[in-house]
Amino acid sequence: MSARLEDRRKLLIATAGAGAAAAAASAVPFVASLTPSARARAAGAPVEVDAGKLAAGEMTTVEWKGKPVWILRRTPQMLATLEGHEGRLVDPASGQAQQPGYAANRHRSVKPEFLVVIGICTHLGCSPSEKFAPGAAGGMKDDWPGGFLCPCHGSIFDLAGRVFRNQPAPTNLEVPPYKWLSDARLLIGEDDGGDAA
């Protein structure tokens, strides 16, 4: 009789162990399903970026809401160019209500070193290209401070994404909502007010 009880006990322990393993195995896909899919991220879920990996003068592109978002780590020389041509810009102080309030400054960013903009021209939705080198070295005019050129219709933007006057693009490049999670981690799609766009 005691051998029979011992067999039952072993069977009970084995069954309970198998049930726990099955529950854990089924929980893994369930928990994984709670993270945003690539489709959800493209639809607008916030995107986290390690901006600390960027060297000074380097730019990376991530996708948010199906749009390219540029993150440019500006050098001190790049930041210095933002002052000399403000009289030639449509909206030098970023006063138009197209971006978050923290972008209403000369450098159009929370941290002056990092520019975060949607890389789509505000004229017809083309994608501008980098023209970071100033003057003729960048293939532009001698007084070019460095920035972006939309090759489709010729709109030019400075290194803060501010559009020059008399260009097809009517407004500055758009700044998406974003916030810093740490010194290096950036979250695009949500700002400190908790707003997602």
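The values are calculated or read from the model by the stated rules, or taken from the named source; none is laboratory data. What you are looking at is a predicted structure, and each value in this text was computed from that prediction instead of being measured. Cβ coordinates were reconstructed from backbone atoms using ideal geometry, including for glycine residues, and neighbour counts include every protein chain displayed.
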Condition check for ALA25: modelled with pLDDT of 65 or more, of a type in the set (A, V, I, L, M, F, W, C) and loosely packed, with under 10 Cβ neighbours inside 10 Å: yes
Qualifying positions in region 150-170 - within 13 Å of ARG108 (Cα to Cα) and part of a loop (DSSP other than H, G, I, E, B): LEU159, ALA160, GLY161, ARG162
Which numbered condition ARG73 fails, given (1) at pLDDT below 95; (2) buried (at least 17 other Cβ atoms within 10 Å of the Cβ); (3) closer than 16 Å to ILE188 by Cα; (4) not hydrophobic (A, V, I, L, M, F, W, C): (1)
Selected residue (criterion: surrounded by the most Cβ atoms within 10 Å (Cβ to Cβ)) from residues of region 132-149 that are at pLDDT 85 or above and not in a loop (DSSP other than H, G, I, E, B): GLY147
Answer residue from region 91-115, given it is in contact with a Ser or Thr (Cβ under 7 Å, 6 or more places away or on another chain) and more than 18 Å from LYS179 (Cα to Cα) and is modelled with the lowest pLDDT among those: GLN96
